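The values are calculated or read from the model by the stated rules, or taken from the named source; none is laboratory data. Being a predicted model, the structure only gives us computed values, none of them experimental. We place every Cβ from the backbone using ideal geometry, glycine too, and count neighbours over all the protein chains shown. We work out accessible area using only protein heavy atoms, side chains counted, and drop any ligands, DNA or RNA first. Shrake-Rupley method; radii C 1.70, N 1.55, O 1.52, S 1.80 Å.
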Amino acid sequence: MDSTKQDFQPRTFSIKLWPPSESTRLMLVERMTKNLSTESIFSRKYGLLGKEEAHDNAKRIEEVCFASADEHFKEEPDGDGSSAVQLYAKETSKLMLEVLKRGPRTTVEQEVPVADTPLEPADSVFDISGGKRAFIEADEAKELLSPLTKPGNAYKRICFSNRSFGIGAANVAGPILESIKKQLTEVDISDFVAGRPEDEALDVMRIFSKALEGAVLRYLNISDNALGEKGVRAFEELLKSQDNLEELYVMNDGISEEAAQALSELIPSTEKLKILHFHNNMTGDEGAMFIAEMVKRSPNLESFRCSATRIGSDGGVALAEALGTCTRLKKLDLRDNLFGVEAGLALSKTLSKLPDLVELYLSDLNLENKGTVAIVNTLKQSAPQLEVLEMAGNEINAKASQALAECLTAMQSLKKLTLAENELKDDGAVVIAKSLEDGHQDLKELDVSTNMLQRVGARCFAQAIANKPGFVQLNINGNFISDEGIDEVKDILKSGENSVEVLGPLDENDPEGEAEDDEEEEEEEEDDGELDSKLQSLKVEQDD
């Protein structure tokens, strides 16, 4: 007994931060892929990476940085891994920046070449947006902006984003901008008054507006400035002088009904606009009417984004009808609004007039089955060339799956399909997966997470993509797939041309969950007896 007491040592517990889990590593690759393929000041300067190239780079960066951090961790085994984590994060950021600056491979075109603007050499771009967000005053502004004062400078594109200008700094910037405005073609003054009192911010905007009045711009970004109507009108002189804009970004600006009306009134011509992006505003139905007026006056639009703007049914209908004049549209993003079925039906009529559509984002619009079926029936005929289709969060269930499947069969150019956060269950999954199995050689991403899927549905989607060359990610997270089902999915992927690495994280999958029967489905008018029998036979075929 005594010896036992003497030999006893109290246990110490510590949390090991290294190594990260496999799901954490996959999520990091996913985040890097998104960052590398999303428009930014770097993409405007060096070019935008396509999704596939971005994923390849992200995967390579993660592997290199993991190996480096792992070696570091092995040299200090008694540590908690925090320094390895810091190294991992620091190196990934560093290598991402190198990839962004290198730009896309010359053999790969951008996914949707919206604007045909050749890249400018680096010495024509003046950018002070790097680093942490910072307040700047007069003295620092003089130093930062001094390159713009040098005689004979060739700056055509300027970016002041991420630096908050006070009155003193604005008074320094004003005369400098006025002296070079005739050579400017692109101005990014997004997020340039952050944290300033309203009166000061409005004065700063007026100074910049006056200085840039008359500049012949093709690109203007005034996002992230909490404009509201006062802010929009503070830019009156600049906006009124723009007749040649091709790209206008007004995102996260508090664009209310009044602010939308002010924008519509102040911009004299939108006939040359190719890109018009609103996002994360408070526009509502009334404001949507004024945006719709701008859209009607923009027949050359190629990319229109009006997401997360609180637009309901009436505004959605007005916007949908206005988009019918934009017959050159290639990219349409209306996500996260309150459209409902009626706006969905109006949109279905408009989509038949958009023969060049390549990317369509319709997630979280409350379309339900009726709106969804109307839209996909139109797309089946009018947009077989579609490369991206997102319809997540629309309460779509198995009753819409046949129409959706027929549409997908026609879309052989599809690269990304998102149907997450719906109610497809296995019955809907079997039909949709079957439509993706043949052809679709360009498909790279499939997201059917949070759809009450179980083993059968998961297996069907795995079989659908197992042999597609270049496939990047299958997301079946947030479902009710048993452990045996997950093992079967992995076996299917291993036996195909793709490896199990294409399977996304499964941290939110609930192996013990069960899809509840929907009593409401039984009350719908459609008779699904024939469809149910088809689903059953399809399930048997998939199980064989």
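Pick out the one residue from 186, 178 that is within 16 Å of residue 242 (Cα to Cα) and within 33 Å of the chain's Cα centre (by Cα).
Exactly one of 186, 178 is within 16 Å of residue 242 (Cα to Cα) and within 33 Å of the chain's Cα centre (by Cα), namely 186.
Starting from residues that are open to solvent by less than 10 Å² (accessible area, probe 1.4 Å) and not in a loop (DSSP other than H, G, I, E, B), keep the ones in region 406-417 and report whichever is farthest from residue 454 (Cα to Cα).
Only one residue fits best here, namely 407.
Identify, by number, the condition in (1) in contact with a His (Cβ under 8 Å, 6 or more places away or on another chain); (2) farther than 25 Å from residue 410 by Cβ; (3) not polar (S, T, N, Q) that residue 310 doesn't meet.
Failing condition for residue 310: (1).
Table: residues versus (1) over 23 Å from residue 259 (Cα atoms); (2) of a type in the set (A, V, I, L, M).
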residue	(1), (2)
139	yes, no
151	yes, no
155	yes, no
191	no, no
197	no, no
207	no, yes
213	no, no
227	no, yes
234	no, yes
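In region 385-392, is there at least one residue being crowded, with 23+ Cβ neighbours inside 10 Å and more than 23 Å from residue 51 (Cα to Cα)?
For region 385-392, residues crowded, with 23+ Cβ neighbours inside 10 Å and more than 23 Å from residue 51 (Cα to Cα): absent.
Table: residues versus (1) open to solvent by 60 Å² or more (accessible area, probe 1.4 Å); (2) over 16 Å from the mean Cα position of the chain (by Cα); (3) modelled with pLDDT under 75; (4) within 23 Å of residue 130 (Cα to Cα).
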{"residue": "31", "(1), (2), (3), (4)": "yes, no, no, yes"}
{"residue": "34", "(1), (2), (3), (4)": "yes, no, no, yes"}
{"residue": "48", "(1), (2), (3), (4)": "no, no, yes, yes"}
{"residue": "55", "(1), (2), (3), (4)": "no, no, no, no"}
{"residue": "69", "(1), (2), (3), (4)": "no, yes, no, no"}
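For residue 220, work out the one condition from (1) assigned to a strand (DSSP E or B); (2) not assigned by the TED database to the domain that holds residue 177 it doesn't fulfil.
Failed condition: (2).
Any residue at all in region 355-375 that is on the phi < 0 side of the Ramachandran plot, open to solvent by less than 10 Å² (accessible area, probe 1.4 Å) and hydroxyl-bearing (Ser, Thr, Tyr)?
yes
Could you tell me which numbered condition residue 130 fails, if it satisfies all but one of (1) at pLDDT 95 or above; (2) outside any helix (DSSP H, G or I)?
Unmet condition: (1).
Those residues that are acidic (Asp, Glu) and either open to solvent by 30 Å² or more (accessible area, probe 1.4 Å) or not in a loop (DSSP other than H, G, I, E, B) (or both), I need them from region 294-353; list them, please.
314, 321, 333, 336, 342
For residue 501, only one of the following conditions fails: (1) open to solvent by 20 Å² or more (accessible area, probe 1.4 Å); (2) modelled with pLDDT of 95 or more; (3) not in a loop (DSSP other than H, G, I, E, B). What is its number?
The single condition residue 501 does not satisfy is (2).
Looking at region 161-215, which of the residues that are among the charged types (D, E, K, R) and part of a loop (DSSP other than H, G, I, E, B) is farthest from residue 125 (Cα to Cα)?
The selected residue is 196.
Yes or no: region 112-125 includes at least one residue that is of a type outside the set (Gly, Ala, Ser) and at pLDDT 75 or above.
Yes - at least one qualifying residue is present in region 112-125.
Go through the residues of region 223-243 one by one and say whether even a single one is within 30 Å of the chain's Cα centre (by Cα), loosely packed, with under 15 Cβ neighbours inside 10 Å and among the acidic types (Asp, Glu).
Within region 223-243 (the criterion being within 30 Å of the chain's Cα centre (by Cα), loosely packed, with under 15 Cβ neighbours inside 10 Å and among the acidic types (Asp, Glu)), the answer is yes, since at least one residue qualifies.
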